[in-house]
1. Identify the single condition in (1) free of Cβ contacts under 8 Å to residues at least 24 places away in the same chain; (2) touching a Leu at 6+ places or on another chain (Cβ under 7 Å) that Asp159 does not satisfy, given that it satisfies every other one.
2. Would you mind stating whether Asn36 is over 30 Å from Lys137 (Cα atoms) and at pLDDT 95 or above?
3. If you check every pair at least six apart or on different chains, which have Cβ atoms under 8 Å apart with a residue in the stretch 37-57 that is open to solvent by less than 30 Å² (accessible area, probe 1.4 Å) first and a residue that is among the charged types (D, E, K, R) and in a helix (DSSP H, G or I) second?
4. Return the only residue of Thr21, Thr29, Thr74 being more than 28 Å from Asp274 (Cβ to Cβ) and in contact (Cβ under 8 Å) with a residue 24 or more places away in the chain.
5. For the subset of the stretch 81-105 comprising residues that are more than 29 Å from His171 (Cα to Cα) and in contact (Cβ under 8 Å) with a residue 60 or more places away in the chain, which member is surrounded by the fewest Cβ atoms within 10 Å (Cβ to Cβ)?
6. Quick one: which strands (runs of 3 or more DSSP E) sit completely within the stretch 189-272 and have at least 3 residues that are touching a Ser or Thr at 6+ places or on another chain (Cβ under 9 Å) and surrounded by 14 or more Cβ atoms within 10 Å (Cβ to Cβ)?
7. Of everything in the stretch 116-132, what is crowded, with 19+ Cβ neighbours inside 10 Å and under 17 Å from the mean Cα position of the chain (by Cα)? Give them in sequence order.
Amino acid sequence: MKIGIVGPAERAVAWENHLRTHQSVSEVTIAPSVKNIHPVDACILVDQSKDRLDHLLNAVKMGLHTFLVGPLPTDSDIVEKIYYASEEANVLLQFSHWPSLAPASKWTAKKITKPTFIQIVRELNYNQRLESDSDFKFLWIDELAFCLRWIKGTVHYIDLKTVQLGSADTHLMHLFLRFDSGATSNIYVSGTALTNSHHRIIADNNFISDCNVLEQSVRLGQKKEGEHLFFNTQSFDASKSAELSAVEFIKSIQLNRPTIYNGYHLMELTKALDKIDKRLRRR
């Protein structure tokens, strides 16, 4: 399999290292743009420019299975256009939704395939947030995408509360989702905390999982005998996420199966975001 990597040289070289050891990859080429890439079977697009979705659409039209590395796109119109173009061209898409691609999440997903309950608490140190140029919105978009991707199904009910203290900046957010299956997810994000903390609690009828996202450790509880829970703790190397995501992308192409986070997942996310944005604008 021939893989092309498109984007700035320093980032492209890092992804080339993730691919070189894979047995099914016969050639890796690096190019500054999709149009300049040699004939390849698939493309990893490491592009965070304002035109990255146009570049992604060009890759799809060229018939290239493509992995877009960068923040999740949120423009529902262009995302829908790309999704249907990929379906028509029979092209696989993968997006770098790291909560879904992380080793801790993948291990837990093998145990809990259909969660009925997800609670996420993400707290960010206030001073660090002041020094960061990231939008508060991106603190909870990944968490929303995580819930939608794992629970699946249609969102039946949304409840939203934000705290802004009279300014344009959001400091706290609480987002509750109920799905048509009866499953629920609860997302709480704070940008005013003293220390950083990030936990995801996921459960079904058999397991309770508590993932410490910052440490990439999972404490999994299961009832075995009597009424007591027995816990198993696993730790994972978060630095392997990028390498493993490249491997997953290649496997999906080889087996002709949907990628872990694909165009359909992204389209469902943007639909939910449109509903949430409408409610935010009414405040």
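The values are calculated or read from the model by the stated rules, or taken from the named source; none is laboratory data. Just so you know, these numbers come straight off a predicted model, no measurement behind them. Counting neighbours? That spans all protein chains shown, and the Cβs are built from the backbone with ideal geometry, glycine included. What goes into the accessible areas is simple: the full protein's heavy atoms, side chains included, and nothing from ligands, DNA or RNA. Shrake-Rupley method; radii C 1.70, N 1.55, O 1.52, S 1.80 Å.
1. Failing condition for Asp159: (2).
2. So Asn36 fails the test.
3. What qualifies is Leu45/Arg52; Val46/Arg11; Leu57/Lys81.
4. Step by step, each of Thr21, Thr29, Thr74 is checked, and only Thr29 is more than 28 Å from Asp274 (Cβ to Cβ) and in contact (Cβ under 8 Å) with a residue 24 or more places away in the chain.
5. That would be Glu87.
6. Filter on the stretch 189-272 gives 197-203, 207-212, 217-223.
7. Those that are crowded, with 19+ Cβ neighbours inside 10 Å and under 17 Å from the mean Cα position of the chain (by Cα): Ile118, Ile120, Arg122.
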